[in-house]
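A short reminder: the numbers here are calculations on the coordinates, not readings from a lab. Only a predicted model underlies this, so the values are computations on that prediction, with no experimental measurement involved. Glycine also receives a Cβ, built like all others from the backbone with ideal geometry; neighbour counts cover every protein chain displayed.
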Amino acid sequence: MLHQYDRRARSQRARRYARRSYAPAHAGGLLRTIPARVRIFSGIQPTGRKHLGNYLGAIRQYVEGQDRGDPAIYCIVDLHATSVAYDPRALPDYVYDTTAMLLAAGLEPERCVLFRQSDVREHTELCWLLSAVAAYGDLTRMHQFKDKSERDRELVRTSLFLYPVLMVADVLAYRAHEVPVGEDQRQHVELMRDIALRFNATFGETLVVPEHRIPALGARIMDLQQPDRKMSTTASEQRGLVYIDDEQRAIHKKLKSAVTDSGSEVRRAPDKPGVSNLIDVLAAVRGAAPETIEEEFAGGGYGAFKTAVGEEVAELLRPVRERYAELRPDEAALEQALAAGAQRARAIASHTLADVRTAMGIGPRASSLH
Ligand code: TYM
């Protein structure tokens, strides 16, 4: 059993972490809550070329988070990539592709912590420790597990089942307050909260309960050819995806041939998933309300609208593609950036792990070490 003193110190520490996230302040005579600098964490898979959904739903938020994060921590999750069939020889390259893409999009290693998951072993240790408070039943209900396990009939890996617990460990290892993600990760972030709460209730206040940050616009970009499914690298047709590093011409063409619905009105409606998606895309690109897009293109027909969306998407991604081409060849520089990030990440995660181990009674009794 832990000493009463240790328990108290730990719960004071946990309260301190929680308090740091939001500081009330008086402004103009009104008591308002201003977000203080919060700790931000998010992860992205290295496999699969990054697409417009990743960019609008997540990567743009990572860049913005650098100014608010204390720190903002971004992880390329190579261990997650092993939960489905993959090519081990290509995996290191994919990590460099993703690193270069994130840097090209605006991440700066001096303003955030950018690292490769497998370089910080605390993630896997914490995954095991947290599995002691992860309910089996909850894991069976994860949408992504259900989808992916149905797709891969040949071998449903245990790592696919445990995947959400590793995600939980990724975030809780840093006592992050905020998790910027697209809509498809909502359920996983809810699991993080449940597991953090259960851990604290079982072993004493140790972990921060994080919150998702799902953007109001662009959180669920749909496939251009099958607008009833989200844009994803597992799509059946390449034409349905805009890759971040697509050439301008390819982007224009993909948007020109995007599936639209019967009729010709540019407005959102449940029976118009194709046009609704394009309106959402343009709204997210501009940071404008979808209604203003509907008004602007009212009566103009689908053709002119699709051309406009193509041009604006291509223009948004052009600087990222150009910078990516400059950064990608220098693997030594990419490796150096990742290694420096891992060192900073480890410094934070090792503290949390020490507290989690003590809370769970793993390792020597704290008092025997003196
Ligand atoms: P991943 O690599 O599939 O996706 C990276 C981010 O892109 C978002 N995203 C989308 N947003 C809008 N529309 C889309 N069509 C779209 N497709 C993808 C995702 O929501 C995600 O934010 N399991 C995670 C990686 C991960 C993670 C974490 C995330 C591992 N550990 C800890 C947050 C915190 C994944 O596979 O994302």
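Some points to look at:
- Counting only whole DSSP H helices of the chain, the ones at least 15 Å long by C-alpha along their axis and with mean Kyte-Doolittle hydropathy no lower than 0.5 are 91-105, 158-172, 273-286.
- Between Ile73 and Ile40, Phe41, Ser42, Val113, the built amide H atoms are under 5 Å apart, and every one of these is 5 or more places off in sequence or on another chain.
- Simple Cβ-charge dipole of the chain, Lys/Arg +1 and Asp/Glu -1, about Cα centre, in debye nearest 20: 1360 debye
- Members of Lys50/Lys148; Lys230/Lys256; Lys148/Lys306 lying beyond 30 Å, as alpha-carbon distances in this model show: Lys148/Lys306
- Our estimate of slack between Ile362 and Thr202, defined as 0.36 nm per intervening residue step minus the Cα-Cα distance, is 56.1 nm.
- Most fluctuating residue given options Ala169, Ala347, Ala196, as computed from a GNM of the chain linking Cα atoms under 10 Å: Ala347
- Remark: spin-label model distance Ala325-Ser159 equals 3.5 nm, labels positioned 7 Å along the Cα→Cβ axis.
- For the chain, a Gaussian network of Cα nodes joined below 10 Å ranks Asp170, Asp330, Asp93 by mean-square fluctuation, and the top entry is Asp330.
- Relative packing of 119-129, 173-183, which averages over residues the other C-beta atoms within 10 Å, highest first: 173-183, 119-129
- Exposure proxy order (Cβ contacts within 10 Å, fewest to most) of Ser83, Ser149: Ser149, Ser83
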